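Let me begin by presenting the structure, written as C-alpha cells, before commenting on it.
The values are calculated or read from the model by the stated rules, or taken from the named source; none is laboratory data. Predicted model, so just to flag it, every value in this text is computed and none were measured. Positions of Cβ are generated from backbone atoms using ideal geometry, with glycine treated the same way; all protein chains shown enter the neighbour counts.
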Amino acid sequence: MDRRNRATWLVTLGLLVAACGTGGDATTTATDDSGGTTTAPSTGEGGTVRIGWGGAPADLNPGIGVLTEDYTLYDLVYDSPINIDLDGNFQPELATEWSVSDDGLTWTMKIREGVSFSDGTPLTAEDVAYSINLYKDTEAFPLLPSYVTPFVAVEAPDATTVTLTTADPLPNFEYRMVAMYVLPKHIWETVDDPTAFTNDDMIGSGPFTLTEISQSEFVRLSPNPGYWGTVPTVDEVIFQTFDNPDGRVQALINGDVDMITEFPATAIANLQGADNVEVADGNYFGGRLADIFFNVVEPENCPTEEEGGICSGHPALRDVNVRQALATATDKQQLIDVVLLGTADPGLGLVTNSLGDWYPAELEAADYVFDIANANGILDAAGYADSDDDGIRECPAGAECGPTGDLTFRLNYPTDNDEHPRVSDMLSGWWNEIGVKVEIAGLDSDTLTSVCCPSFDFDVMLWSWTSDPDPESLLGVLLCSEISSGFSETGYCNPTVDELYAQQQIELDPAKRRELIVEISRIALEDVPYIIPWYYPRIQAYRTDTFAGWQVGQTILSLEDPSTLTVLRPAG
Amino acid sequence: MSRSRLLAKKIGWALVTVMVVLTFNFFLFRVLPGDPAKAGVKDPRLSAEAVEAARVRFGLDKPVLINLDEGPWYDSQYFRYVGSMAAGDLGESYAFKNRTVGELVGKALVNTVWLVLPAQLIAIAAGVALGLVAAWKRGTKLDVGALTFGLVTWSLPTFFLGILLLFFGSRWFGFPTAGRVTIGAEYTSIWDQIGDIVHHLFLPTLTFALVLLGEYLLIMRSSVVEVFSEDYILTAKAKGLSPGAIVRRHGFRNAMLPIVTLIALNLGFTVSGAIQVETVYSWPGLGKLTVDAVSTRDFPVLQGAFLLLAISVIGANLIAELVYLRLDPRVTEV
C-alpha cells in the first residue's frame, strides 16, 4: 500500500473508532439513546433554554460542593425550607410557616404537605430534619455545616413539624435555612461516607431533575412533573460551558444560546448594539465587593510558627493615620469610571448595599473624600516626613520603618481578575503623590492565600468578597479570634468590635441588631483596615426573541435561578 | 549488537527516563506555594475541620519523602505514590472529588487526540507538500507565496487566530462557538454523528493546523533545497530521469529525514494538549485539565497528566529512532 492510501485508510479508521468512543464517554447519568428522527434537540411546546456560563459544576453532592455553579444546580434540583426572593425577602418554600418560642431558643417549622421527591417518595419533616442533621454532623463537609452549627438539636416530632433548639437566641434563622437543601433520607441513610458519595442521580424535590451531565461541558435539566409548585413550562434547560468569554458573548449574539450568566464589562457596548439582545443589571444575593486591605496584625497577635504565622507586614501600616491618609488618597469614583466603565456603586464597608436595610447608609457621609492635599496633611501631622527628599516619606524618628526604611509597601493581587492591574496602577499614581511607593506583584489565588492568611506575609492586598444574604457574613473578618483561623485577612483586632459582634449574634430585635452592626461598621470605617472601592453589579444578557419571562428589573439579578427558569415560556 | 538487543536496551533506557521524570515532577509540584486541601477556595464558611479532613484524605498529612515519625519509614507521600502507581492506580483528583485521575485524564486525552491528531496530520501533509513544491519551484512567485504563508501562520499567536476564526466562522459560516457535539442531539445514523463531530471540530482543527503548518513547510523546503544541491541528484538528471522520478526515488526520502525527527517530537507533545485552542473553543482537553489542575494544586491530576506526557514524548522519540534506523541505511547504531 503506498503512502497516500495508507494515510486515507488510517484517517477513516480513526474516525470510525473515535465515533464509537465519543458516544460512550459523554455522560455520567444515562439518557435514553432511543435514537429519534431529528438531528436537533427536540422542541416540544416549551422549547429548550440554552444558557452559557464560564465554569461548570464539579460536585453533584450538596454536602461537598464549593463552586457557584454547584449551587446553581442545587437550587434547581433541590428545595430548602425557606427561600429568598429577588427583593431579598424570605419566603416559604418547604416550610409553610415558622416561629420561635418565647425564650427564643426553640424554632418550629411547619412542613408543606403533598410534596414528593422526583422518585415518587413522599417528602416529610423527617427528611428535613435528617438533612439538617447530616450537614451539622458531617465535619468534612466544607461549607454547609457553618450554617447550622448553632443548633443543638434538630428533630421531627411528626410528619409535618421540625423543631430546632439553640443554646442562645438566633437572629438570622431564615438565612440559615435557605442553604439547607433537603435530601431524601431513604437514599442518603444507606450511604457509608457522605463525603465520598457522588450522588449521580440527584434525587430532589425541586422544579427540575438532572437528565445528563458531561463534566466541564454541559448540564441538561428537565422539569420535574411531580413538583409541588409551578411546573416549569420549558421542555429542557441546558447549561453550556464557554471557557472563552468572547465565545460566550458571540454565542449569544449569534443565537446559539438564549442567556449568558456573566461576561466582561468590555462586552457590554457590543451586546447593547446587537439585535434582539438585552443587557440587564441588578445586585448579587448578599452583594459582592472589591477590597483593598492592609496587614495590620500586631506582633503579639501573630499566629504561631506552627500555625503558619510570618507577620512581615510594614510597621507603618499599623498606624491608623497612615491608613486614613491612604484612604483619603483613593478616588473610588475614578476607579469605578476607568476600570468598570462606571457600572458599579461606590463601596463603603463590609455590609453591602445589597443587604437592604442592614446597609449603614447613614455612614456614607463619614466616608473618606478624595483629597491629595488632605492626605499629605495627615501624614505631615503624624510625623512622616520625606527627610532624604527622594519622594518617599520616612517614619517618625525612632519608629520601625520596614526593610527599606521608608513608606514602600508591597502590593499583591490575584491574577485571575482583569481589573486588578489597572487598579494597582491608579493607586500607585495617587499614593506616589503623598510620598508612598508601592511594589506591585500579581500572584495566583492559591499563592496569594498562602501569603495572606494566616501567614500575614504582605503589606497591601487587592481582592474581593461575595457576601451571603446576612450582614454578619463578612463582618467575621474583623474578629480577633479569626486571626489564626485564616479568615481574618488583615489581622485587625479590636475587643470592642468583638464584643459588639457577639452581642449582635444573639440579638433578636432587628432594630437593636442593626444598631450594633452600624456601630461595628462605623468603627471599621474609622480604623480603616479595609478600603471598599466598589460593590459589583450583577450584569447578565439574554435574547428577547426566543423566550419571555426573564425576571429583570428587581433588586437582585439571577436569571439562572428557579425564579426565572420556572416561569420562562417561548416568546411571541 | 543485534537488532533485538538494541531494541531492548532502548526500551529499558526509555523506562528509566520516564521514572526519573515522574520523580522529579512529584517533588516539583510540591514546591508550589499554596494548600491543595483548600483547592483555591477562599470562603468564610470553610471550616478548619473540613480542611483538615481533606488534608488527611489526600494523604498530605504524611511526610513527603521518608517517614521519620511513627509508622514504617516508607509510609510517606512519595512511596505511597510509587506503590499505587505500580498497582496501576493513579489516584483520585483533589478538585473533582471522588473521580479517579484515570477517568479524568482518559476522557480529556480522547478529546485532545480528536483535536490535535487530525490537525497534526493535516499540518504535516500540507506542510510537507507545500514545502516540496516551494523548493521545486524555488525563486518563483509560488515559492515566495508559500514561504510568506508559512512564516505568517507560524508566527501568529494561536489564541488570536482562534478568536478571529471563531468570529468569522460562527458569524458567516454557522460553525458552533463551543463544544464537541450538539448537546442533546439524537442521531439517525453514524454518519450524522460523525458529521456533527466534524462540524464542531472544523474550526479548532483548522486553527491548530494553520499554526503548525509553517514549521513543516519551512523545514521541508530547506531540506529539499539542500538535497537538490547534492551530486547524486545531478547524476540522476544526467542519467535522464524525469523530474518526478528524481523526486520520488532520490529526493523525497532523503529530504524526509529531518521531518521524521520533527514529526516524532511534535506527535509526542500532542498529548500536552493545545491549551490556547482548547480555551478559545471550550474544548475539554488535556491542556485545559492541566492548567486547571495547576491553579487548584490538584497533584494527582498533574502527576497523571505529566506521566502521560512523559510516556508519550519518550515513546515517540523511541519510535523516531527506530524509524530512522530503517529509513537511513547509513545509520547502523543510533
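Structure summary
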{"read-out": "From the options B:LEU257, B:LEU265, residue that is touching a Ser or Thr at 6+ places or on another chain (Cβ under 9 Å) and farther than 26 Å from B:PHE168 by Cα", "value": "B:LEU257"}
{"read-out": "Residue check, A:LEU143 in a loop (DSSP other than H, G, I, E, B), in contact with an Asp or Glu (Cβ under 9 Å, 6 or more places away or on another chain) and either closer than 25 Å to A:GLY55 by Cα or away from chain B (no Cβ under 14 Å) (or both)", "value": "yes"}
{"read-out": "Among (1) surrounded by fewer than 23 Cβ atoms within 10 Å (Cβ to Cβ); (2) at pLDDT below 95, the one test that A:PHE242 misses", "value": "(1)"}
{"read-out": "Cβ-Cβ under 6 Å pairs, at least 6 apart or on other chains, region A:493-506 side farther than 20 Å from A:TYR175 by Cα, far side modelled with pLDDT under 95 and polar (S, T, N, Q)", "value": "A:CYS493/A:ASN301"}
{"read-out": "Unmet criterion (only one of (1) on the phi > 0 side of the Ramachandran plot; (2) modelled with pLDDT under 95) for A:GLY476", "value": "(1)"}
{"read-out": "Conditions (1) under 30 Å from A:PHE487 (Cβ atoms); (2) touching a strand residue (DSSP E or B) at 6+ places or on another chain (Cβ under 8 Å); number of the one not met by B:ALA37", "value": "(2)"}
{"read-out": "Any hit, region A:493-511, residues being modelled with pLDDT of 95 or more and assigned to a loop (DSSP other than H, G, I, E, B)", "value": "yes"}
{"read-out": "Filtered residues of region A:281-296 (kept if assigned to a loop (DSSP other than H, G, I, E, B) and at pLDDT 95 or above)", "value": "A:ASN295, A:VAL296"}
{"read-out": "Extreme residue, nearest to A:ALA327 (Cα to Cα), among residues of region A:473-492 that are more than 9 Å from chain B (Cβ to nearest Cβ), touching a residue at least 24 places away in the same chain (Cβ under 8 Å) and surrounded by fewer than 21 Cβ atoms within 10 Å (Cβ to Cβ)", "value": "A:CYS480"}
{"read-out": "Pairs, first closer than 14 Å to A:ASN61 by Cβ in region B:89-104, second part of a strand (DSSP E or B) and charged (D, E, K, R), C-beta under 9 Å, six or more apart", "value": "B:ASN98/B:GLU92; B:ARG99/B:GLU92"}
{"read-out": "Scope region A:127-142; condition surrounded by fewer than 20 Cβ atoms within 10 Å (Cβ to Cβ) and within 21 Å of B:VAL56 (Cβ to Cβ); matching residues", "value": "A:ASP137, A:THR138, A:GLU139"}
{"read-out": "Scan of region B:224-237 for residues that are surrounded by fewer than 13 Cβ atoms within 10 Å (Cβ to Cβ) and assigned to a loop (DSSP other than H, G, I, E, B), ordered by number", "value": "B:SER229"}
{"read-out": "B:ALA95 vs. criteria within 26 Å of the chain's Cα centre (by Cα), surrounded by fewer than 22 Cβ atoms within 10 Å (Cβ to Cβ) and more than 30 Å from B:LEU262 (Cα to Cα)", "value": "no"}
{"read-out": "Some residue of region A:354-375 being more than 22 Å from A:ALA524 (Cα to Cα), out of contact with any helix residue (DSSP H, G or I) (no Cβ under 7 Å at 6 or more places or on another chain), in the same structural domain as A:SER473 (by TED's automatic domain parsing) and acidic (Asp, Glu)", "value": "no"}
{"read-out": "Flag if A:GLY255 is at pLDDT below 95, surrounded by fewer than 17 Cβ atoms within 10 Å (Cβ to Cβ), within 13 Å of another protein chain (Cβ to nearest Cβ) and under 19 Å from B:PRO176 (Cβ atoms)", "value": "yes"}
{"read-out": "Residue within region A:350-360 that is over 30 Å from A:ALA280 (Cα atoms) and surrounded by fewer than 19 Cβ atoms within 10 Å (Cβ to Cβ) present", "value": "no"}
{"read-out": "Spans of helices (runs of 4 or more DSSP H) in region B:238-334 with at least 1 residues modelled with pLDDT under 80 and buried (at least 21 other Cβ atoms within 10 Å of the Cβ)", "value": "B:252-270"}
{"read-out": "Residue list for region A:140-156, restricted to those being over 14 Å from A:LEU170 (Cα atoms) and of a type outside the set (Gly, Ala, Ser)", "value": "A:PHE141, A:PRO142, A:LEU143, A:LEU144, A:PRO145, A:VAL154, A:GLU155"}
{"read-out": "Filtered residues of region A:124-175 (kept if over 24 Å from A:ARG513 (Cα atoms) and among the polar types (S, T, N, Q))", "value": "A:THR124, A:SER131, A:ASN133, A:THR138, A:THR160, A:THR161, A:THR163"}
{"read-out": "Yes/no for A:LEU525 being under 30 Å from A:PRO169 (Cα atoms), of a type in the set (A, V, I, L, M, F, W, C), surrounded by 16 or more Cβ atoms within 10 Å (Cβ to Cβ) and without any contact (Cβ under 8 Å) to a residue 60 or more places away in the chain", "value": "no"}
{"read-out": "Residues being in contact (Cβ under 8 Å) with a residue 24 or more places away in the chain and part of a loop (DSSP other than H, G, I, E, B) - total across region A:181-236", "value": "31"}
{"read-out": "Per-region count, region B:45-73, residues facing chain A (nearest Cβ under 8 Å) and modelled with pLDDT under 80", "value": "0"}
{"read-out": "Strands (runs of 3 or more DSSP E) within region A:62-125 that include 1 or more residues aromatic (Phe, Trp, Tyr) and surrounded by fewer than 20 Cβ atoms within 10 Å (Cβ to Cβ)", "value": "A:90-92, A:95-100"}
{"read-out": "Residue count, region A:157-174 (criterion: assigned to a strand (DSSP E or B) and either within 14 Å of another protein chain (Cβ to nearest Cβ) or over 15 Å from A:SER99 (Cα atoms) (or both))", "value": "2"}
{"read-out": "Members of region B:152-172 that are under 12 Å from B:TYR281 (Cα atoms) and of a type in the set (S, T, N, Q)", "value": "B:THR158, B:SER170"}
{"read-out": "Filter result (within 12 Å of another protein chain (Cβ to nearest Cβ), aliphatic (A, V, I, L, M) and free of Cβ contacts under 8 Å to residues at least 60 places away in the same chain) within region B:21-39", "value": "B:VAL31, B:ALA37"}
{"read-out": "Filtered residue count, region B:158-181, keeping only those that are more than 7 Å from every other protein chain (Cβ to nearest Cβ) and hydroxyl-bearing (Ser, Thr, Tyr)", "value": "1"}
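Quick grid of which residues meet (1) in a helix (DSSP H, G or I); (2) closer than 23 Å to B:PRO44 by Cβ:
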{"site": "A:VAL279", "(1), (2)": "no, no"}
{"site": "A:CYS311", "(1), (2)": "no, yes"}
{"site": "A:ALA327", "(1), (2)": "yes, no"}
{"site": "A:GLN333", "(1), (2)": "yes, no"}
{"site": "A:LEU348", "(1), (2)": "no, yes"}
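Here is a yes/no grid of residues against (1) closer than 24 Å to B:PRO33 by Cα; (2) within 14 Å of chain B (Cβ to nearest Cβ); (3) modelled with pLDDT under 95; (4) surrounded by fewer than 19 Cβ atoms within 10 Å (Cβ to Cβ):
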{"position": "A:ALA399", "(1), (2), (3), (4)": "no, no, yes, yes"}
{"position": "A:THR404", "(1), (2), (3), (4)": "no, no, yes, yes"}
{"position": "A:THR415", "(1), (2), (3), (4)": "yes, yes, yes, yes"}
{"position": "A:TRP430", "(1), (2), (3), (4)": "no, no, no, no"}
{"position": "A:GLU439", "(1), (2), (3), (4)": "yes, no, no, yes"}
{"position": "A:LEU443", "(1), (2), (3), (4)": "yes, yes, yes, no"}
{"position": "A:ASP446", "(1), (2), (3), (4)": "yes, yes, yes, no"}
{"position": "A:CYS452", "(1), (2), (3), (4)": "yes, yes, yes, no"}
